[in-house]
Amino acid sequence: MLKFTWKQRVFIGLAAGLSYGAFRYLFDMQNLERVAISALVFALFFGLGYPTFLSWFTNRQLAKIKDPEMEAEEVILFRDAASIYKNKWVAVGGKLFITNQRLIFIPTKANFNKGNVEIKRANIMQITKRKSGGIVNNGMKLSYLDGSEHIFILNSRDEIVKMLQEA
């Protein structure tokens, strides 16, 4: 489930408003009062409106993803929103399920890239914590016995890494 804290909303709004105002002033050279008002409106939209819409839309898409079918003696241990990189530039949003036997990623219907990803836990060779964009501590790379790998963006990375390492 995607949630933005008020601190994140204020930061997004201030960053968007200040950037917009600075560019508008530099390129349009309008009076400062008009630029400040338009920057404030822009900041309110991106600080409050956009994160609220994004949370609503994402949570609505995630709620449509049903639990996958389980194999014999398989139990879901964890489920949460996640993204998986399909290539270096494209991350697909969806829901990650961790069972006692597999990791299953199911993308939302809003994505152009379709197709579930299923990984047997026994095939995981290495788990590496990563930073998304080199900044945010929410990435995880899984390397497999066959040499392939997947990179995930997770809300609860540390909890998931700990769960996978304990098994």
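Full extension of the chain between V90 and F45 yields a length gain of 13.6 nm, computed as 0.36 nm times the residue separation minus the alpha carbon distance. Neighbours of D67, meaning other residues whose beta-carbon lies under 10 angstrom from its beta-carbon, give a summed charge of +2 when Lys and Arg score +1 and Asp and Glu score -1.
Grab the Cα-Cα distance for A63 and M125, subtract it from 0.36 nm times how many residues apart they are, and report the gain in nm with one decimal.
19.2 nm is the gain from fully extending A63 to M125.
Listed by chain and number, the aspartates and glutamates placed with their C-alpha closer than 19 angstrom to that of K129 are D80, E149, D158, E159, E166; residues fewer than eight positions away on the same chain are left out. Pick out which of Q126, Q61, Q101 has the largest mean-square fluctuation in a Gaussian network model of the chain, springs linking Cα atoms closer than 10 Å. The residue that fluctuates most here is Q126. Between L164 and A110, the contour length at 0.36 nm per residue exceeds the Cα-Cα span by 16.6 nm. Note on the chain: GNM, Cα springs under 10 Å; of T108, T58, T128, the largest mean-square fluctuation is that of T128.
The C-alpha atoms of the chain define a longest principal axis, and helix 50-63 lies at about 20 degrees to it. Modelled spin-label separation between E33 and E149, with each label point placed 7 Å from Cα along the Cα-to-Cβ direction: 5.7 nm. Net charge near V136: determine it from the other residues with C-beta under 11 Å of the C-beta of V136, scoring Lys and Arg +1 and Asp and Glu -1. Taking every other residue near V136 into account, the sum is +3. Packing order of peptides 69-79, 37-47, highest average first: 37-47, 69-79 (average count of other Cβ atoms within 10 Å over each peptide's residues).
Can you tell me how the stretch 1-94 classifies by the Cα gyration tensor, rounded, prolate or oblate, using a/c under 1.5 as the rounded cut? The shape class here is prolate.
Here the contact order of the chain, divided by its residue count and restricted to Cα pairs under 8 Å and six or more residues apart, works out to 15 percent. Between the C-alpha center of the stretch 1-79 and that of the stretch 113-160 there is a gap of 24 Å. Partner lysines whose Cα lies under 23 Å from the Cα of K131, excluding those fewer than 8 positions away in the same chain, are identified as K3, K7, K86, K88, K95, K141, K162.
Since every read-out is calculated from the coordinates, none of them should be taken as a lab result. Being a predicted model, the structure only gives us computed values, none of them experimental. Backbone-built Cβ (ideal geometry, glycine too); neighbour counts: all protein chains shown.
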